[in-house]
Amino acid sequence: MSHGYVPVQWNQNKKVYDIILWLAIVAAIALNVVVSGASVPAPLAPSDEILVLRALGDTGFILLNIILAIGPLARLNKGFLPLLYNRRHMGVSFFIIVLAHGIFALFWYHGFGVQDPITSVFTSQGTFETVSDYPFQPLGFVALLIFFLMAATSHDFWNAVLGPRFWKGLHMLVYVAYALVLLHLALGALQAEPSRVPNWVPFVSLVWVGGLHLISTFAGKVDLSKVDSGEWVEVSDPQAIERGVGRVIEIKGQERVAIFRTENDEFGAISNVCRHQAGPLGEGCMIDGLVTCPWHGFQYQLEDGASPPPFEEKVATYELKVENGSLLLNTTALPPGTPRPLVKLANQISEAS
Ligand code: HEM
Ligand code: FES
């Protein structure tokens with residue numbers, strides 16, 4: 001949001017959050033080094049550098065599993081929303097950890113030969129003939145490149161320059177990078193003799209990340225209904241929309257619409273696409289009478305789709321009307337920030353709350 005919107009700035013809460021996060025990261029790395037160092041008898045024990053390299057990889061992997069779980073968890077339970085608002089800081093911290101792991105690996109394993117370290121990552125390792133010999137490091141390298149692109153464009157400046165849709169598409173590559181990291185782990189650490197990382201780790205990770213995404217898609221509290229295109233379409237069972245919560249309406253071939261029901265049982269419809277980074281407004285809730293984006297907390301007035309002054313963001317609004325007791329939505333988007341009356345379902349208000 002413009003004019004220094006507090007929740008996405010570096011406020012006191014974020015500082016406390018960052019301190020706790022980094023204390024936890026340092027503790028996890030230290031614990032990993034101590035435990036894995038102590039678990040191998042002295043003559044066979046790996047060097048301190050290798051222990052740190054591995055601990056950085058492991059800690060990065062754990063962070064990635066947390067980061068990818070926050071979205072679906074917040075969808076299932078709004079209590080996780082504060083973690084969602086701070087996810088960007090965790091993402092950048094994660095990148096610093098895996099960058100250190102990657103650079104360490106590049107120089108420790110590839111820095112002393114005749115080839116430059118990057119060429120060496122792609123040429124020096126294994127064959128494609130047996131799983132245990134598969135060159136797993138290039139997979140980590142490509143994943144790291146994707147994470148670099150994401151971290152480098154994480155600031156709102158890049159969102160504005162690239163446009164929310166392109167930016168979001170770019171950041172969806174995190175799932176490609178995650179798949180590459182799973183393979184990096186499965187074909188690397190798991191093939192080592194003796195294996196340091198238990199075989200079940202990638203499977204548990206996949207079930208955790210994939211399972212949460214599936215559960216939140218099908219059982220999440222997102223109220224989504226699909227309608228055919230047409231000038232006016234009926235909003236099914238509007239009484240079921242809870243007060244202060246949204247419903248996402250998917251109209252064939254059009255941008256999604258978010259319908260909200262206020263505490264006064266008035267209904268209003270605005271675009272589902274947040275102006276910040278295209279977050280799904282209909283999955284958010286109303287805080288202090290304002291529609292609040294679930295991703296980073298940008299807010300919009302239901303009356304006209306505009307952010308409250310002094311902010312300047314505006315989303316498209318849509319007309320609603322009541323006919324024969326049914327709530328109808330006009331599928332033509334009005335220009336962003338256009339006021340239109342909120343409507344009430346006369347005599348039909350249920351006890352939904
Ligand atoms: C330039 C990029 C990368 C390179 C060259 C690289 C290289 C390596 C190497 C050589 C190992 C084996 C270490 C050993 O057995 O002594 C390893 C393990 C590992 N890497 Fe990477 N890696 C890269 C990127 C990544 C990324 C982006 C992640 C993301 C989380 C990652 C996660 C891991 C994990 C979890 C392990 C297992 C650590 C253990 O054995 O406990 N790596 N990597
Ligand atoms: S507040 Fe960031 S996408 Fe809506």
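The values are calculated or read from the model by the stated rules, or taken from the named source; none is laboratory data. Treat the numbers as computed from the prediction; the structure is a model and nothing was measured. For neighbour counting, all protein chains shown are included, and Cβ atoms are generated from backbone atoms with ideal geometry for every residue, glycine included.
Looking across Ala269, Ala316, one residue alone is crowded, with 19+ Cβ neighbours inside 10 Å and within 16 Å of ligand 2 (Cβ to nearest atom). It is Ala316. Kindly check whether there is at least one residue in the range 30-38 that is at pLDDT below 90 and surrounded by 13 or more Cβ atoms within 10 Å (Cβ to Cβ). Yes, the conditions are met somewhere in the range 30-38.
If you go through the range 21-74 and keep only what is within 11 Å of ligand 1 (Cβ to nearest atom), touching a residue at least 12 places away in the same chain (Cβ under 8 Å) and among the small types (Gly, Ala, Ser), you end up with Ser36, Ala55, Gly57, Gly60. Output yes when any residue across the range 248-261 is within 20 Å of Trp167 (Cα to Cα) and crowded, with 17+ Cβ neighbours inside 10 Å, and no when none is. No: zero hits. Of Pro336, Pro341, all but one fail to be free of Cβ contacts under 8 Å to residues at least 12 places away in the same chain and away from ligand 1 (no atom under 16 Å from the Cβ); the exception is Pro341. Condition check for Leu83 on (1) part of a helix (DSSP H, G or I); (2) more than 30 Å from Val245 (Cβ to Cβ): one failure, at (2).
Kindly check whether there is at least one residue in the range 279-288 that is away from ligand 1 (no atom under 16 Å from the Cβ) and more than 23 Å from Arg88 (Cβ to Cβ). Checking the range 279-288: at least one residue is away from ligand 1 (no atom under 16 Å from the Cβ) and more than 23 Å from Arg88 (Cβ to Cβ). Look through the range 109-140, keep the residues that are assigned to a helix (DSSP H, G or I) and in contact with a Leu (Cβ under 6 Å, 6 or more places away or on another chain), and return whichever of them is modelled with the lowest pLDDT. The selected residue is Pro117. Residues that are touching a helix residue (DSSP H, G or I) at 6+ places or on another chain (Cβ under 8 Å), part of a helix (DSSP H, G or I), of a type in the set (A, V, I, L, M) and within 11 Å of ligand 1 (Cβ to nearest atom) within the range 141-193 comprise Val142, Ala143, Leu144, Ile146, Ala177, Leu180, Val181, Leu182, Leu183, Leu185, Ala186, Leu187, listed in sequence order. Among all residues of the range 52-72, there is at least one that is at pLDDT 85 or above and among the aromatic types (Phe, Trp, Tyr).
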